[in-house]
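Visitor: Could you have a look at this structure, given as structure tokens, before my questions?
The values are calculated or read from the model by the stated rules, or taken from the named source; none is laboratory data. This structure is a prediction, so every number in the text was calculated from the model and none was measured. Here the Cβ is made from the backbone with ideal geometry for all residues, glycine too, and neighbour counts use every protein chain on show. Note: accessible area is taken over every heavy atom of the protein model, side chains too, but ligands, DNA and RNA are not part of it. Shrake-Rupley method; radii C 1.70, N 1.55, O 1.52, S 1.80 Å.
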Amino acid sequence: MRVEFGVLGAVGAWDEEGTPLPLKGPRHRAVLTRLIVARRQVVPVARLVADLWDEPPANAVGALRTFVGDLRRGLEPDRPPRTPSRLLVTEGAGYALRAAREDVDAWRFEETVNALGDAGPARVLERTTEALAWWRGPAFADFGDERWLRSPRARLTELRLHAVELRAEALIALGRPVEAVPDLDAHVTDHPWREDAWRLLALALYRSSRQADALSVLRRARAMLREHLGVDPGPRLRRLEEDILRQADRLDPDAGTAAVDQVWARATAAYEGALGSRARTRLESTVGLMRDLAVTGGGGLEAARRHRVAAVAAAEQLGDPELTARVIGVYDVPAIWTRSDDPEQARRLVAAAERTLRSLGPAGQDAARCRLLATIAVESRGTLPRDLPPSGALARPSQAAGQAEEIARRLGDPSLLAFALNGTFMQSFRRAGLAGRRDAIGAEIVALAAAHGLVRYEVLGHLIRVQARCAFGDLAAADRHAIAVDGLAARHDLPLVSVFTTWYRALRTASTGTREAAEAAYEEAAASLVGSGMPGLEAGLLPLARLCVALRHGGGPPRSTADSDWGPYGPWVRPVLLAESGLLGEAAEALRTVPAPPRDLMFEAMWCLLARAAIATGDTGLLAKAHAQLAPAAAEVAGAGSGLITLGPVTEHLTAIESALR
């Protein structure tokens, strides 16, 4: 017997004739819904118990088994006794719903809308009309604000709004704008912060020979955005108003408007126009979309960063600290590089997270607090004081990382713990020689993410282990993690991952190959950074890599590096360049004013460069300081913990320092 499941409205199940099947009480429906959300994957019993009860009773596991048994009887009433269920199956220590993809309305809806791609307007109209008819009400209508439902509910809600706009766009493209107007008018009334909806409504009115009404709609949109958000309309709305005022030829239906509105432009406009006090769910779902956009790299990453700050600012304006906490915390994009791409933006996000922490109520907000603390730890990357005392209170970012990890472990939430561990990693640079600590963090993230389907964090864990194994010169293990991460990236379409594995392979070549091979490998690696949207990684990296290759192979730095843009590495590179050029007086002067290197993935490498310049100039005071800083990393390879460059074993540098001091 075929069973169909519905969550686009109240949760339900029906047999082949459309007769509702008995699902019994709220807990039974919650179990079924949680398994539908898992999309055919196994959900461990412990995870189900944690999601079903805020405070599980002593017999929670037994009760859960009872719910599952009742559901099996309700969904498969004709199944012979003691035969295994074909729908609600037991696997290991968990359960899974193995319904066909076409038998769950939400899965069918997502697949239908996402498959439209470059389909023509007639096909888009047919499929969106059919798909929108499957909605019987809000997604998961009989459930409240359960944490495990927020993401799937927001995703489905956003996709439905997108489908409404796709359908209207298709009607306009097919020369039927009058039919599009009523639905669009209702759409902007319910969702007034969607700039693309306003644009389509104005265009439909104009194509219906209602120019004055079209201009009135655009003015309403402008007034609403300014009054409630303090922002002006985006460029597409402004351009449409200008075109309508001058009756531009491009507005003619024959100009092929459908070809202009590509998927990327629609998505960008949606991000720009989604905020507002009547659209809290929309605000959260928009930030969730930004999180997905960030991992595409390039313009997607840049746009996600830009719109994230605007979203947080809009949430704060609403005066709801719980909403603001969710908007800040939902952007849990894994971070591997220890220098921010936009330090000013990071500072603003940390300040907003701190304000929100102070505004949250005293109890019942542990998950929100954890995400805010993890955000502080991640966004404060590379900002530890350069001169830390040997003991004493932790710097605020390190303290936040520890608190976030403690809360996440206590709550037993895998995704929360993965995010918190990312913060712990970012704050694991208090001194040199901590590659072993980071390797352990990476190993835990890999195991946690693999067990719970957290693909992006599994990628993060492997990349952390690539860095850590490079720091120990264990290139065979680093190879294994690089291969694993490339496989995950290929299966899950994560283009930024190849930037880090390409640079790792250049490091490998620099460690084992000739100077010429290393320089060629780094040129190829630098090409992978073009358009990646990661200025914090890209700035000064290629000339630094060339310098490291030259110093490792002898003969001094290449002339091509003399006038290079060293980005953030300039203060520590300049004394070396001067010393290698024989300008020892200038090198000594530069060393007298050079700051201590930042405590990040390049910490050991920068100290080795300073030590090299100090040896050339005879600066024994700086040599003693360099020796003290580098000694804890005696078992590591200088710079290789970055996964990008290498200056050879730290012991070689320590030996050279000791010889110079003698």
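Visitor: Run the Debye formula on the Cα coordinates of the range 484-602, all scatterers equal and no solvent, and tell me log10 I(q)/I(0) at q = 0.09, 0.16, 0.23 1/Å.
Guide: Per q value, in the given order, log10 I(q)/I(0) is -0.30, -0.84, -1.36.
Visitor: Please list, by residue number, every one of the chymotrypsin sites (Phe, Trp or Tyr not before Pro) in the range 459-536 that is coil in DSSP and has at most 13 other beta-carbon atoms within 10 Å.
Guide: Here no loop site has a sparse enough neighbourhood.
Visitor: Return the carbon/sulfur percentage of the accessible area of the chain, one whole number, probe 1.4 Å, all protein chains in place.
Guide: 52
Visitor: Also, quick follow-up: So if each residue of separation counts as 0.36 nm, and I subtract the Cα-Cα distance between residue 247 and residue 498, what length gain in nm does that give?
Guide: Taking residue 247 through residue 498 to full extension adds about 85.7 nm, to one decimal.
Visitor: Taking amide H positions as placed 1.01 Å from N in the peptide plane, with prolines and chain starts having none, which residues 5 or more places from residue 11, or on another chain, fall under 5 Å of its amide H?
Guide: The list, which skips near neighbours in sequence, is 141, 142.
Visitor: Apply the a/c threshold of 1.5 to the C-alpha gyration tensor of the range 98-252 and tell me whether it is rounded, prolate or oblate.
Guide: Since a/c reaches 1.5 but b/c is at least a/b, the shape of the range 98-252 is classed as oblate.
Visitor: Can you tell me the relative contact order of the chain? Whole percent, Cα pairs under 8 Å, sequence separation 6 or more.
Guide: It rounds to 8 percent for the chain.
Visitor: Subtract the Cα-Cα distance of residue 15 and residue 239 from 0.36 nm times their separation in residues, and report this length gain in nm to one decimal.
Guide: That pair, residue 15 and residue 239, stretches by 75.5 nm at full extension.
Visitor: FRET efficiency for residue 89 and residue 437, Cβ-Cβ distance as r, R0 = 30 Å, nearest 0.05?
Guide: 0.15
Visitor: Contour minus end-to-end for residue 66 and residue 211, with contour as 0.36 nm per residue of separation and end-to-end as the Cα-Cα distance?
Guide: Result: 45.9 nm gained on full extension.
Visitor: So for the chain, taking the charge dipole from beta-carbon charges (+1 Lys/Arg, -1 Asp/Glu), which of 583, 168, 653 sits furthest toward the positive end?
Guide: 653
Visitor: Same structure, new question: So for the pair residue 122, residue 186, with labels modelled 7 Å out along Cα→Cβ, what separation do we get in nm?
Guide: Going from the residue 122 label point to the residue 186 one covers 2.7 nm.
Visitor: Under the classification rounded if a/c is under 1.5, otherwise prolate if a/b is larger than b/c and oblate if not, where does the range 368-524 fall, given a ≥ b ≥ c as square roots of the Cα gyration tensor eigenvalues?
Guide: Verdict is oblate for the range 368-524.
Visitor: Ratio to report: Rg/Rh of the range 521-662, with Cα atoms as the point set and Rh obtained by the Kirkwood method; give two decimals. Could the numbers behind the result be given before it?
Guide: Working: Rg = 14.5 Å, Rh = 15.3 Å.
Result for the range 521-662 is an Rg/Rh of 0.95.
Visitor: Simple spin-label model, 7 Å along Cα-to-Cβ: residue 318 to residue 40 in nm?
Guide: Placing both labels 7 Å beyond Cα along the Cβ direction yields 3.5 nm.
Visitor: Does anyone have the angle between helix 211-229 and the longest principal axis of the chain? Alpha-carbon axes, 0 to 90°, nearest 10?
Guide: Roughly 50 degrees, rounded to the nearest 10.
Visitor: Mind giving me the FRET efficiency for residue 660 and residue 359? R0 is 51 Å, r the Cβ-Cβ distance, nearest 0.05 is fine. Display every interim value, and only then the final one.
Guide: Working: r = 55 Å, r/R0 = 1.08.
Efficiency at R0 = 51 Å is approximately 0.40.
Visitor: Calculate the spin-label point distance for residue 306 paired with residue 146, positioning each point 7 Å from the Cα along the beta-carbon direction, and give it in nanometres.
Guide: About 3.9 nm, to one decimal.
Visitor: Taking 35 Å as R0, compute the FRET efficiency from the Cβ-Cβ separation of residue 296 and residue 2 and round it to 0.05.
Guide: Calculated value: 0.40.
Visitor: So, one more: Mind listing the phi-derived Karplus ³J(HN,Hα) values for the range 179-193, rounded to whole Hz, using 6.51, -1.76 and 1.60 with θ = phi - 60°, and x for any glycine or proline?
Guide: For the range 179-193, the Karplus curve yields 5, 7, 4, x, 5, 5, 4, 5, 5, 6, 5, 7, 9, x, 9 Hz.
Visitor: How large is the Kirkwood hydrodynamic radius of the chain, counting all unique pairs of alpha carbons, in Å?
Guide: Averaging 1/r across every pair of different Cα atoms and inverting gives 27.8 Å.
Visitor: Could you work out the equivalent-ellipsoid semi-axes for the range 437-528, taking the square root of 5 times each eigenvalue of the Cα gyration tensor, largest first, in whole Å?
Guide: Its equivalent ellipsoid spans semi-axes of 24, 16, 8 Å.
Visitor: Right, something else. Run the dipole for the range 58-168 about the Cα centre, Lys and Arg Cβ at +1, Asp and Glu Cβ at -1, nothing else charged, and hand back the magnitude in debye, nearest 20. Show your work: numbers first, answer last.
Guide: On the way: 18 positive and 17 negative charges, 73 e Å.
The calculated dipole for the range 58-168 is roughly 360 debye.
Visitor: Using per-residue counts of other Cβ atoms within 10 Å, averaged over each peptide, order 139-151, 590-602 from highest down.
Guide: Values: 139-151: 15.9, 590-602: 18.8.
Going from most to least packed, we get 590-602, 139-151.
Visitor: Size of the dipole of the chain about the Cα centre, Lys and Arg at +1 and Asp and Glu at -1 on the beta carbon, nothing else charged, in debye to 20?
Guide: 1180
Visitor: Treating only the Cβ of Lys, Arg, Asp and Glu as charged (+1, +1, -1, -1), what charge dipole size does the range 418-552 show about its Cα centre? Round to the nearest 20 debye.
Guide: 440
Visitor: While we're here: Which one, 451, 205, 464, projects farthest toward the positive side of the charge dipole computed for the chain from Cβ point charges (K/R +1, D/E -1)?
Guide: 451
Visitor: Skip the ligands, DNA and RNA, and give the accessible area per residue of the chain with a 1.4 Å probe, whole Å².
Guide: On the way: 27850 Å² over 662 residues.
Each residue of the chain exposes 42 Å² on average to a 1.4 Å probe.
Visitor: Choose one of 512, 248, 526: the residue whose Cα lies farthest towards the positive end of the charge dipole of the chain (beta-carbon charges +1 Lys, Arg; -1 Asp, Glu; about the Cα centre).
Guide: The Cα lying farthest towards the positive end belongs to 512.
Visitor: Turning to a different aspect of this structure: What number in nm² do you get for the range 1-83 if you take the convex hull of its Cα atoms and divide its surface by four?
Guide: With every direction weighted equally, the projected area is 6.1 nm².
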